[in-house]
Amino acid sequence: MYLSKLAALRLQIQQLSVAIDSIMPDATIEALDIAASGTAKNGKSIVFQERETKIVLTFRKQYEESERLKRIDEDILTETVALQKKNAERLFEIDRAIEQLQLERERLLNSPYLESLKKEYNITKETLAFLSPQLAVYLPK
């Protein structure tokens, strides 16, 4: 009974999502018209409001495809590779030094007592573990 209802509700959500996607372009045009006409509520970007809902017009920065941008990106990559080759020996030395410092840091932040606390934590956590039932609903695409 509940499984059938759950499946039906999930299917409804999927269908509503498709419906929302289909009207979104027209709704966006309507919202832009409202914002341009200055009739938005409170002079803000609220373009629609009812008792329990409101729709706010927001803008997200997006970028056009550009050959120039792609070329600059490729130039950045080429220059980075060239600098890595040119400075390979020094970069290797720096990487080794970083690795040594990380090992020393780990050694300084470790103790037998800390290891025993970590083990105790993991054992205690495992003894408190239980399986909680969950449902996954799969819908046709």
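Here r is the Cβ-Cβ distance between Thr58 and Val18 and R0 is 22 Å; the resulting FRET efficiency, rounded to 0.05, is 0.45. Using the Karplus relation 6.51 cos²θ - 1.76 cosθ + 1.60 with θ = phi - 60°, the per-residue 3J(HN,Hα) values for segment 129-134 come to 6, 8, 8, 9, x, 9 Hz, with x marking Gly and Pro.
Between Leu135 and Lys70, what is 0.36 nm times their sequence separation minus the Cα-Cα distance? Round to one decimal in nm.
Here the segment from Leu135 to Lys70 would lengthen by 18.9 nm.
Based on DSSP H segments of at least four residues, each scored -39500 (n - 2.57), the chain has a per-residue ellipticity at 222 nm of -23000 deg cm²/dmol. Which residues does the label zone of Glu99 cover in segment 62-91, counting backbone N under 20 Å from a point 7 Å along Cα→Cβ? Only 84-91 fall inside the zone, counting backbone N under 20 Å. Computed over Cα pairs, the Kirkwood radius of segment 23-91 leads via Stokes-Einstein (1.306 mPa s, 10 °C) to a diffusion coefficient of 97 µm² per second. Under a 5 Å amide H cut-off, with hydrogens placed 1.01 Å from N, Val47 pairs with Ile55, Val56, Leu57 among residues at least 5 apart or on other chains. Accessible area per residue for segment 1-75, computed on protein heavy atoms with a 1.4 Å probe, is 96 Å². Evaluate the charge dipole of segment 18-114 about its Cα centre and quote only its size in Debye, nearest 20, assuming +1 on the Cβ of each Lys and Arg and -1 on the Cβ of each Asp and Glu. It works out to roughly 400 debye.
Taking all Cα-Cα distances within the chain, those exceeding 28 Å account for 69%. In the complete set of protein chains, residue-level accessible area for Ser37 is approximately 70 Å², probe 1.4 angstrom. For segment 55-125, carbon and sulfur atoms together expose 56% of the accessible surface, with a 1.4 angstrom probe and every protein chain in place. Helices meeting the span-like rule in the chain (full DSSP H runs, Cα extent of at least 20 Å along the helix axis, mean Kyte-Doolittle score of 0.5 or higher): 2-37. Stretching Asp33 away from Thr78 to a fully extended chain increases their span by 11.6 nm, per 0.36 nm per residue minus the current alpha-carbon distance.
The values are calculated or read from the model by the stated rules, or taken from the named source; none is laboratory data. Small disclaimer: the values here were computed from a predicted structure and weren't measured. No Cβ is skipped: glycine too gets one built from the backbone with ideal geometry, and neighbour counts run over all protein chains shown. Heads up: the accessible areas ignore ligands, DNA and RNA and are worked out on the full protein's heavy atoms, side chains in. Shrake-Rupley method; radii C 1.70, N 1.55, O 1.52, S 1.80 Å.
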